[in-house]
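*Asks:* Shown below is the structure under consideration.
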Amino acid sequence: MRLAVAGNDEGAVVGIYVVVIAWLYVVLMMAVAEALSSQGTVLGAVFTFVLYGVLPLSIVVYILGTPLRRRARARREQEQAAASRGRAGDGGAEAAEPVAAAERKEA
């Protein structure tokens, strides 16, 4: 099931949040079961939460977020390019680039 529609970043973000929340819920329940078990410990619950939850989840979120970051960077670069083209077409209303000093020729 794909929640994101092509070109719709909001759907992709919602999909990532669903995965994150579901994963954290399951891992939290595993950690609680570990802590409340007669043979379990709180330290075991902490390790369960970190090694089954935080570490893999951070990797998954990074991987799932890569296309979103790439699109955001491309959109930001397009906006900057459009803004610089707009400034270039102002006829010098904005601050112009500094003019290079003339080179001195030796005789």
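*Asks:* Scan the stretch 44-69 and report the pairs whose first residue is touching a residue at least 60 places away in the same chain (Cβ under 8 Å) and assigned to a helix (DSSP H, G or I) and whose second residue is polar (S, T, N, Q) and exposed (fewer than 13 other Cβ atoms within 10 Å of the Cβ), with Cβ atoms within less than 8 Å and a gap of 6+ or a chain change.
*Replies:* Listed pairs, sorted by first residue: none to list.
Here's the yes/no breakdown for (1) in contact with a helix residue (DSSP H, G or I) (Cβ under 7 Å, 6 or more places away or on another chain); (2) modelled with pLDDT of 85 or more:
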| residue | (1), (2) |
| --- | --- |
| 53 | yes, yes |
| 76 | no, yes |
| 83 | no, yes |
| 92 | no, no |
| 98 | no, no |
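*Asks:* Counting only residues that are at pLDDT below 55 and surrounded by 12 or more Cβ atoms within 10 Å (Cβ to Cβ), how many does the stretch 1-27 have?
*Replies:* Looking only at that region, the number is 2.
The values are calculated or read from the model by the stated rules, or taken from the named source; none is laboratory data. The structure displayed is predicted, hence computed values, not measured ones. Using ideal geometry, Cβ is built from the backbone for each residue, glycine included, and neighbour counts are taken over all protein chains shown.
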